[in-house]
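Below is one structure, written out as structure tokens; comments come after it.
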Amino acid sequence: MLERAGFYGLRSILVLYMVYGALHFEEEHASNVYRYFLLGVFLSYVPGALLGDLLLGNKRAAMIGVGLMASGAFLLCVPMPAVLYGGLALIGMGVGLFDSNFLSLYARNFLDRKRQLDGGFALLYAFVNFGAFAGTFFVMNWVDDFDYWIGFAIGGLLFLSAAILSAFVKSQLTFEPPQDPKYKLAFPLVTGCILIAAIFWIIYDFTGGAMGALQQQIIGKNIEFSWIVQGSAGMFTLPICLIAAVVWSLFYYNSWVKLASGFLFGAAAFFILSTINVSSFSIPLYGFAMFLLALAEVHIQPIVYAFIAKHSNPKYLSVVFSLMMMPTKILGYLYPVYQLHRDGNETNEFLIGAVVLSIIGLGLGVFFMVKGKSPELA
């Protein structure tokens, strides 16, 4: 959580610092630096995971990663372009070393009680979302009153705090072969799970422009509720994660059922959004759609993490976690679906999202009914 708070806090002020801070970059140049920084973070995931799984060990790699992020954040306090680039490079390498290796460390603590993995990752997802929100809010509010270097220093301190906490995380080196390979289904199951999660996020990006346009229309007629409209999805995600963590830890049911439910929740959300007419009654309906979309996210992302941990070889968990985001990112860079939005086409985009998610959700439901009782699919 502290690492996410630091990272998202820095991200929230980075472009503002480059344009309006001591560097006075042109907006286009600052945007390009930011875009290349995020690309570098993405490219660092697989090498960082390989180092953790094959050379350094996951715990050491995570601690080195968060140390690099802290060093990079403190370098950003120095108002020089060359130092800025060096600091961003350190942060990018640090994220690649930390994220997947920390996920692997976290998952290993549940490998002797796999039925609690879904609840465990729901809890972690709650902390990640809270950290991202809190870091952005905290750093942005400090920068309003102080200089940008204060925000970077806060980020560095958050990274250092994450390094200290990481030192106390247990590293259970459980390298027993997973149960599933004897059924020869582990690889296609994990691959399929990663791909369907990627499809969800691609659809999420595809409808992003339509979502933004709809928000602006609703805010235009209900300006006093603008903060609710813009932040509703995030406000729902945290409490749903916490409730799911408790329920899934106490009552176990098959992960495929959760995934199917997630896609159907998402389909229902997009269908509702396609029916909204901008009026005084739009806000409650919009809020209900955002609630369903948050339910979809919680039933997909943490479950995919848990599924990977259940069915992958524990020795290479970091590598598999790092590969999880590859399909979405690759498609995003090769074919930027988030730029497909056209004004006035919101209804069609939401309907396309609803149809695609419905097909996947129903397909998962049929798959579970046919194959769900097999032990390798538990």
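Details
- If the chain linking Ala89 and Phe251 were pulled fully straight, counting 0.36 nm for each residue of separation and taking away their Cα-Cα distance, it would gain 53.9 nm.
- DSSP-assigned coil residues among trypsin sites (Lys or Arg not before Pro) in segment 64-163, each with at most 16 further Cβ atoms within 10 Å: Arg113
- Segment 27-85 shape via C-alpha gyration tensor axes, a/c threshold 1.5: oblate
- Restricting segment 56-160 to chymotrypsin sites (Phe, Trp or Tyr not before Pro) in coil, as DSSP defines it, with at most 14 other Cβ within 10 Å: Phe146
- Within segment 16-34: backbone nitrogen closer than 11 Å to the Met80 label point (7 Å, Cα to C-beta): none
- Table column - 3J(HN,Hα) (Hz), segment 351-359, Karplus curve with 6.51, -1.76, 1.60, x for Gly and Pro: 5, 4, x, 5, 5, 4, 5, 4, 4
- Model label zone, Leu23; criterion: amide N under 11 Å from point 7 Å along Cα-to-beta-carbon; scope segment 46-72: none
- Computed from backbone phi, the HN-Hα couplings of segment 83-97 come to 5, 4, 4, x, x, 5, 5, 5, 5, x, 5, x, 4, x, 6 Hz, rounded to whole numbers (Karplus: 6.51 cos²θ - 1.76 cosθ + 1.60, θ = phi - 60°; Gly and Pro given as x).
- Peptides 192-201, 298-307 ranked from most to least packed by the mean count of surrounding Cβ atoms within 10 Å: 298-307, 192-201.
- Here the label points at Gln216 and Leu362, each 7 Å from Cα along the C-beta direction, are separated by 3.5 nm in the simple model.
A short reminder: the numbers here are calculations on the coordinates, not readings from a lab. All values reported here derive from a predicted model rather than from experimental measurement. Reconstructed Cβ throughout: ideal geometry from the backbone, glycine too, with neighbour counts over all protein chains shown.
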